[in-house]
1. Of all residues in the stretch 167-189, which are touching a residue at least 24 places away in the same chain (Cβ under 8 Å) and not acidic (Asp, Glu)?
2. Anything in the stretch 166-192 that is among the acidic types (Asp, Glu) and either under 20 Å from Val147 (Cβ atoms) or part of a helix (DSSP H, G or I) (or both)? List them, or say none.
3. All but one of (1) modelled with pLDDT under 95; (2) surrounded by fewer than 11 Cβ atoms within 10 Å (Cβ to Cβ) hold for Thr215; which doesn't?
4. Considering the stretch 152-165 alone, what residues qualify as being free of Cβ contacts under 8 Å to residues at least 12 places away in the same chain and under 16 Å from Ile121 (Cβ atoms)?
5. Which ones in the stretch 30-50 are farther than 17 Å from Trp129 by Cα and crowded, with 17+ Cβ neighbours inside 10 Å?
6. For Trp195, which of the numbered conditions (1) in a helix (DSSP H, G or I); (2) surrounded by 14 or more Cβ atoms within 10 Å (Cβ to Cβ); (3) modelled with pLDDT of 95 or more fails to hold?
7. Run down Gly138, Gly103, Gly127 and say which single residue is assigned to a loop (DSSP other than H, G, I, E, B) and either within 21 Å of Asp87 (Cα to Cα) or in contact (Cβ under 8 Å) with a residue 40 or more places away in the chain (or both).
8. Residue check, Thr42 against (1) touching a helix residue (DSSP H, G or I) at 6+ places or on another chain (Cβ under 6 Å); (2) modelled with pLDDT under 90; (3) of a type in the set (S, T, N, Q), all met but one. Which one?
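The values are calculated or read from the model by the stated rules, or taken from the named source; none is laboratory data. All values reported here derive from a predicted model rather than from experimental measurement. Every residue, glycine among them, receives a Cβ derived from its backbone with ideal geometry; neighbour counts consider all protein chains shown.
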Amino acid sequence: MNPRPPRAETEPQRRQYNSRRRSLQAAQTRQDVLAAAIKLFTSLGWAGTTVNAVATEAGVAVETIYSGFRAKKGLLRAAMDTAVVGDADPVPFVEREEFRRMGRGPVAKRLAAGITVVADIHERSAGVWRAFLEAAAGDREIDGWRVELERGRRVDLERSVALIWERELDKRTLDLLWALLGPEVYLRLTADAGWSRADYESYMLSAVEHLVAPTLKAARVAKR
């Protein structure tokens with residue numbers, strides 16, 4: 001009679017498989033919750049979105065959201081971060097293909113790629129940003145996050161500009177670009193003025209070229 005194989009040889013494999021499966025399920029659940037949150041914050045705003053509604057939209061228990069995000073504002077912050085980059089992967093902007101694309105080809109192609117990146121980000125996240133501003137008006141911690149996010153956006157803009165033109169721009173020009181390419185301007189032009197995505201990209205491309213031109217011209221003159 002053959003002896004039964006020792007359980008110790010199979011249990012570690014089974015535990016490893018179960019652990020991997022649980023991790024995948026947890027990641028998918030988090031992804032579903034964030035997608036639901038982005039959808040509802042965009043359409044209903046901060047006050048109109050409830051944790052119960054997000055749970056129902058995602059098909060999960062309310063307790064699942066509280067265990068993963070602690071509070072409604074934690075969910076808002078995570079939804080904003082995800083909407084900006086388009087996924088929940090912890091990959092910095094400068095390591096993403098969208099950033100690298102701004103460093104390839106002639107300057108005109110690089111700038112067009114940069115404007116497309118800006119439009120992509122706003123198309124995904126501007127509605128959540130509007131909810132973020134609504135929440136920040138009555139919550140000091142969320143307002144602190146707002147300031148932090150805007151500082152991060154300016155740093156990313158500065159890095160993008162240096163990649164596109166292979167030079168730094170003066171602070172005032174960067175400030176103007178930071179304001180012009182912000183989510184509030186995108187919302188005002190698309191949601192309020194009725195611009196299409198193509199309108200936004202076309203006119204922003206022209207506006208940025210005109211805004212940066214004097215700085216580039218001065219730099220060329222200085223080299224002579």
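1. Arg167, Leu169, Thr173, Leu176, Leu177, Trp178, Leu180, Leu181, Gly182, Pro183, Tyr186, Leu187
2. Asp175, Glu184, Asp192
3. (2)
4. Hits for the stretch 152-165 are Gly152, Val155.
5. Arg30, Val33
6. Looking at each condition in turn, Trp195 falls short on (1).
7. Going through Gly138, Gly103, Gly127 in turn, just one is assigned to a loop (DSSP other than H, G, I, E, B) and either within 21 Å of Asp87 (Cα to Cα) or in contact (Cβ under 8 Å) with a residue 40 or more places away in the chain (or both): Gly103.
8. So Thr42 meets the others, but not (2).
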